[in-house]
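See below for the structure under consideration.
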Amino acid sequence: MAGAYAQRSYYETEKKWPEQDTTSKFYSVRGERHGISFFKKHQFKDVEYQPGKTLAFNTYHSPDVMYYWCKKWAEQHPNLVDLYEVAKSYEGRPILQLTLTNKKTGKHTDKPAAYFEGGRHSGEVTSSESVLWLTKYLLDNYGKDPAITKLLDTKTVYLRPQNNPDGSNMYLFTAQRNRSSIRPHDDDRDGLFDEDPEEDLDGDGVIYQIRKKATTKADLEKANYVLDPRDSRLMKRVQEGKGQWLIYTEGIDNDGDGKYNEDGIGGLDIHRNYPENWRPDQGGDFTGRGYTQNGAGAYPLSEIETRSTVLWLLGHPNISVVNSMDTRVPMHLRPPSTSKDTESMFPEDLKIYRHMDSLGLANTGYPWAGDVYNTYATRSKTNRLTGDPTKPEPLFGHGPDFGYFYYGSIWYGDELWNGGAMKDYDGDGQYDEYDGIRWDDEANGKRGFKPWTKFTHPQLGEVELGGFHPKFFAQNGPASVLEMWISRQAKFNLGMAFELPQIELTNVNVKPLANNEYEIKVSWKNTGKLPVALEQAKRIKIVQEDRVTLDIDKALLKESPEAKVVITEPALFDKTIYAGYTTAGEQKEATFKVKVNQSGSIKAKVKLLSTRGGYVEKEIVVGK
């Protein structure tokens, strides 16, 4: 394990991947599936596919461009940056990670730490950009901004911009979309894998929507959309049989089951694959009365992308703060995912989380912050389809639950971007597609919505293609507003890092006593804003209590009547002082007593060990 996750500089030359092969017009994905595995390549104007002379955030960046800058930073800042591979993706691409800390002030594992991750979901590329922006911001401001300089001198920041390079590359180089891993998956449970993907029927490189006017009796019985009375470009969902329109995503019914594009590339959800509160994938409950979770995978951590995150974090328990980000709902999203926070969190921990909620809202201006189960599920007070009040709903195998209940940390799974709903244009208390299309009209040059265009579908006949751009309006924002979103999110993450615990030795006093005995009093303080352990971390034993030891040459301590040095206090065999957990701002002290049975002085080291507060040592002299 230690060897597998050791930090090694990464400068290897990788084999050529489909996104790097400029001679091919098609992009192929790996894995055995019953549908097509190659798609026409497409490049989007919102994306930079080759690195420029400078890194700007008025465009999105392909994974290779991100990795280019990561390698460049590692070369430019060897004393601050380590770049290394933590795993290979499903298809075999490197998953790279950065460690930022001042190496001259100590090892990264000896310091309190934060971890920030993006790119878990294939198409939620805004999250990756926020990690990249934060990396650049930290490096640009080290040595200039006192707060950031102190942060990297005393703390460690781990950054993983692309946790799913397979899916992100497919998303950025083709019209295709998927949830997470490109591993074949039987979404519709018909025994076939990925047999019905979306198709770019009009060849514009984008998968839009299809709307079809219901004219036959069969269509009218299924029709569940009407024109939105606020704007006829928008479609409003209603109960089946109450509408005049049918909506599909662009493509055909490849397997002839009457459904369109219901089993495309992949389908597993890396963010439902964590071990805490995991539930079987759809079809895995044989009673029909239990819970399942779409995309959960064959078992917890079945996917290397999730497994690499979990195992790496478990090997680095010095991490107190995590944000593994996604997109589409502008929200600071945190645990619990299967219960209300007041029901299952320690009150002391919940108070800290609510403080972080407030810190997040102050930085980003998102409309929501809170738990997944209740706040997220009920952010709209009524169900727009039924009119019923919304109620809490669980998510299983979810990262925030792993982060708190299993890992005992502050863990957010924040969602960036808002579908263009910058304000409540119609004053109905909702931020929805109407607000998005109004902003697109007024501030985005109408580039986010394709007008409905007549098209002859090979199976459906006369239809219209159109709707919101699925990649750079619906799921991610236009590149023109990218930096505003990612910088605000990064500032929240940075704010959490500033609050990490920090154990500091305040005094070590050596006092002579009678009969060649000496008292060594060690004082320390947690100068950070977080405790060295949440209450949950104490319960699950992810964090050891703070400990103080006195390191003396073993030859001097050798047990015999003539031992030259004897630690008389503490009386414990291991001579370790167990000091509990140091809360934010708390001062503590511990006392050793040492008898020196020789002339002259000896050297010793006082060592203060805190799992999440850091490691500190100080050399002292005992004796005359």
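The values are calculated or read from the model by the stated rules, or taken from the named source; none is laboratory data. Just so it is clear, the structure is predicted and the values come from calculations on it, not from any experiment. Positions of Cβ are backbone-derived with ideal geometry, glycine not excepted, and every protein chain shown enters the neighbour counts. For the accessible areas, the whole protein counts, side chains as well, though only heavy atoms, and no ligand, DNA or RNA atoms are used. Shrake-Rupley method; radii C 1.70, N 1.55, O 1.52, S 1.80 Å.
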With of a type in the set (Asp, Glu) and either modelled with pLDDT under 95 or within 19 Å of the chain's Cα centre (by Cα) (or both) as the only criterion, which of 166, 204 stands out? 166
Restricting the range 510-545 to residues that are open to solvent by 70 Å² or more (accessible area, probe 1.4 Å) and not in a loop (DSSP other than H, G, I, E, B), the residue that is nearest to residue 323 (Cα to Cα): 539
Is it true that some residue in the range 281-301 is in a helix (DSSP H, G or I) and under 30 Å from residue 89 (Cβ atoms)? no
Can you run down the residue pairs with Cβ atoms below 7 Å, 6 or more apart or on separate chains, where the first is in the range 444-458 and assigned to a strand (DSSP E or B) and the partner is of a type in the set (Asp, Glu) and open to solvent by less than 90 Å² (accessible area, probe 1.4 Å)? 449/440; 452/464; 453/464; 454/464; 455/202; 455/464
For the range 391-398, indicate whether the set of residues that are closer than 27 Å to residue 529 by Cβ and either in contact with a Pro (Cβ under 8 Å, 6 or more places away or on another chain) or open to solvent by less than 40 Å² (accessible area, probe 1.4 Å) (or both) is non-empty. yes
Criterion violated by residue 289 - all others in (1) of a type outside the set (Ser, Thr, Tyr); (2) over 19 Å from residue 190 (Cβ atoms); (3) open to solvent by less than 50 Å² (accessible area, probe 1.4 Å) satisfied: (3)
Could you please let me know if residue 490 is open to solvent by less than 20 Å² (accessible area, probe 1.4 Å), within 29 Å of the chain's Cα centre (by Cα), among the aliphatic types (A, V, I, L, M) and modelled with pLDDT of 95 or more? yes
What are the pairs with Cβ atoms under 7 angstrom where one residue, in the range 421-434, is free of Cβ contacts under 8 Å to residues at least 24 places away in the same chain and the other, located anywhere, is open to solvent by 60 Å² or more (accessible area, probe 1.4 Å) and not in a loop (DSSP other than H, G, I, E, B)? Sequence gap at least six, or different chains. 425/438
Within the range 444-466, track down each residue that is touching a Ser or Thr at 6+ places or on another chain (Cβ under 9 Å), within 23 Å of residue 45 (Cα to Cα) and crowded, with 21+ Cβ neighbours inside 10 Å. 465
On the basis of being open to solvent by 40 Å² or more (accessible area, probe 1.4 Å), aliphatic (A, V, I, L, M) and more than 36 Å from the chain's Cα centre (by Cα), does residue 218 make the cut? yes
If you take the residues in the range 318-371 that are over 30 Å from residue 101 (Cβ atoms) and among the basic types (Lys, Arg), which one is nearest to the chain's Cα centre (by Cα)? 328
Could you tell me which residue of the range 546-580 is least open to solvent (accessible area, probe 1.4 Å), considering only residues that are among the basic types (Lys, Arg) and not in a helix (DSSP H, G or I)? 547
Which ones in the range 184-206 are of a type outside the set (A, V, I, L, M, F, W, C) and more than 23 Å from residue 42 (Cβ to Cβ)? 185, 186, 187, 188, 189, 190, 191
Residues that are over 20 Å from residue 121 (Cβ atoms), in contact with a helix residue (DSSP H, G or I) (Cβ under 7 Å, 6 or more places away or on another chain) and at pLDDT 95 or above: does the range 457-471 have at least one? no
Sort out which residues of the range 87-137 are open to solvent by 10 Å² or more (accessible area, probe 1.4 Å), outside any loop (DSSP other than H, G, I, E, B), in contact with a helix residue (DSSP H, G or I) (Cβ under 8 Å, 6 or more places away or on another chain) and closer than 27 Å to residue 499 by Cα, and write them in order of number. 105, 133, 136, 137
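A quick yes/no check of all residues on (1) at pLDDT 95 or above; (2) in contact with a strand residue (DSSP E or B) (Cβ under 8 Å, 6 or more places away or on another chain):
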residue	(1), (2)
2	no, no
8	no, yes
21	no, no
27	yes, yes
63	yes, no
68	yes, no
77	yes, no
What number goes with the only condition from (1) buried (at least 23 other Cβ atoms within 10 Å of the Cβ); (2) within 25 Å of residue 44 (Cα to Cα) that residue 441 does not pass? (1)
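Step by step: first the residues of the range 583-624, then only those that are aliphatic (A, V, I, L, M) and within 30 Å of residue 348 (Cα to Cα), then the one that is surrounded by the fewest Cβ atoms within 10 Å (Cβ to Cβ). Which residue is that?
Checked the range 583-624; the qualifying residue surrounded by the fewest Cβ atoms within 10 Å (Cβ to Cβ) is 584.
Among the residues of the range 55-68, are any charged (D, E, K, R) and either over 17 Å from residue 172 (Cα atoms) or part of a loop (DSSP other than H, G, I, E, B) (or both)?
No; the residues of the range 55-68 include none that is charged (D, E, K, R) and either over 17 Å from residue 172 (Cα atoms) or part of a loop (DSSP other than H, G, I, E, B) (or both).
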Of all residues in the range 188-223, count the ones that are at positive phi and among the charged types (D, E, K, R). 2
Go through the range 311-336 and give me each residue that's within 15 Å of residue 120 (Cβ to Cβ) and in contact with a helix residue (DSSP H, G or I) (Cβ under 7 Å, 6 or more places away or on another chain). 322, 323, 324, 325, 326, 327, 328, 333
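Considering only the range 231-248, I want to know if a residue exists there that is on the phi > 0 side of the Ramachandran plot, open to solvent by less than 50 Å² (accessible area, probe 1.4 Å) and modelled with pLDDT of 95 or more. It would help to see each step written out before you state the result.
Going through the range 231-248, the residues on the phi > 0 side of the Ramachandran plot turn out to be 241.
Filter once more, so that each one left must be open to solvent by less than 50 Å² (accessible area, probe 1.4 Å): 241.
Okay, now just the ones that are also modelled with pLDDT of 95 or more, so 241.
The answer is yes; a qualifying residue exists.
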Restricting the range 36-54 to residues that are assigned to a loop (DSSP other than H, G, I, E, B) and charged (D, E, K, R), the residue that is least open to solvent (accessible area, probe 1.4 Å): 46
